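The next block holds one structure in the form of structure tokens; read it before the comments.
The values are calculated or read from the model by the stated rules, or taken from the named source; none is laboratory data. Being a predicted model, the structure only gives us computed values, none of them experimental. Every residue, glycine among them, receives a Cβ derived from its backbone with ideal geometry; neighbour counts consider all protein chains shown. Surface accessibility is based on the protein's heavy atoms, side chains included, excluding ligands, DNA and RNA. Shrake-Rupley method; radii C 1.70, N 1.55, O 1.52, S 1.80 Å.
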Amino acid sequence: MKILSRGTQIKLSGAAEYVEEAKEKINLMIKYMERSGDLSDSYFEEILGSVDEGKVDHFLEKHPNDVLVFGPNGKTIRARTANQKMMVQAADNNDIVFAIGPAGTGKTYTAVAIAVRALKNKIVKKIILTRPAVEAGESLGFLPGDLKEKIDPYLRPLYDALDDMIPADKLGYYMSNRTIEIAPLAYMRGRTLDNAFIILDESQNANDLQLKMFLTRIGANAKAIITGDPTQIDLPKNQRSGLWKAVSILKKIDGIAHIELNEEDVVRHRLVKQIIKAYNKADEVESGEQHFFSHKNGTKEKNA
């Protein structure tokens, strides 16, 4: 069989059965490249060597619309739980989405996947990922290095998610030309973010003014996802998280959606789900005890 390439056209000639098989494999490569933007040597060889439908299903999946992104080496990134799928649908149908839930529920990972998909599909021109650089029991000033080196650890979960979804060389290129930008929330002040997919991660560590500042940065043809875990607030005691206020006062605005994830969405180690349930139960008990003693003390004061 002969294969001849002319510009954007490929001409196949030979026995009909071989031509049909080659056509299927070429179409598979084209579809894969359209989705992932990259085709590794190992996957190229696998596709060439495949002769059964199982290989085709392995690459394109039986439900291709569920796949958000094809990562390096063909890794499929998809919404894995019911609430994560609701999060994807909400992002498709709204310009701003609040995704609230405990650690391990895939909020950040799913949000980054949605943003990468939008970039690859040319819905937006850039991705901006941000989170508050709030100290979680450790002093930022005592960390070694310059400002970037001090702040990068706070942004590491965003880098990790991107590493799973974009080949290293392409990610480096996107970062160098600012197609993808990762920065602390303070760096958003004064900017107007047009044609961008913006993610505010760890929003429970932003106060009222910071959240308002972020939300008013959103420009034309832009989308935003705000993720947060109200059980992990690291703000100083004299500062209040602005997350619940933002969710409360904005929930009735058309174009803004609110998705809540829970322990059933945990996709980390199987024990994480049990840990979250145990802490939730303990918090309920503590809350009940505090209410009881408060009521009891109030009764004593009245009697006195």
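Do we find a residue being in a helix (DSSP H, G or I), aliphatic (A, V, I, L, M), modelled with pLDDT under 90 and closer than 23 Å to Pro236 by Cα anywhere in segment 119-140?
Within segment 119-140, one or more residues are in a helix (DSSP H, G or I), aliphatic (A, V, I, L, M), modelled with pLDDT under 90 and closer than 23 Å to Pro236 by Cα.
Taking into account only those residues within segment 168-225 that are open to solvent by 50 Å² or more (accessible area, probe 1.4 Å) and among the hydrophobic types (A, V, I, L, M, F, W, C), which is modelled with the lowest pLDDT?
Once the filter is applied, the top-ranked residue is Ala186.
Take the residues in segment 234-274 that are part of a loop (DSSP other than H, G, I, E, B) and charged (D, E, K, R); name whichever of them is nearest to Gln84 (Cα to Cα).
Residue satisfying both the conditions and the ranking: Arg268.
Looking only at segment 232-247, decide whether some residue is under 24 Å from Ile96 (Cβ atoms), of a type in the set (Val, Ile, Thr) and at pLDDT 90 or above.
Scanning segment 232-247 turns up at least one residue that is under 24 Å from Ile96 (Cβ atoms), of a type in the set (Val, Ile, Thr) and at pLDDT 90 or above.
Looking at segment 191-233 only, could you name the residues that are part of a loop (DSSP other than H, G, I, E, B), under 25 Å from Ala118 (Cα atoms) and touching a residue at least 60 places away in the same chain (Cβ under 8 Å)?
Asn195, Asp201, Glu202, Asn221, Ala222, Asp229 - these are the residues of segment 191-233 that are part of a loop (DSSP other than H, G, I, E, B), under 25 Å from Ala118 (Cα atoms) and touching a residue at least 60 places away in the same chain (Cβ under 8 Å).
Consider only pairs whose beta carbons are under 7 Å apart and that are at least six residues apart or on different chains; among these, list those whose first residue lies in segment 176-190 and is in a loop (DSSP other than H, G, I, E, B) and whose second residue is open to solvent by less than 20 Å² (accessible area, probe 1.4 Å) and modelled with pLDDT of 90 or more.
Listed by first residue and then by second, the contacts come to Arg189/Met213.
Please tell me if Val272 is in contact with a Ser or Thr (Cβ under 8 Å, 6 or more places away or on another chain), open to solvent by less than 40 Å² (accessible area, probe 1.4 Å) and modelled with pLDDT under 80.
No; evaluated as a whole, the condition is false for this residue.
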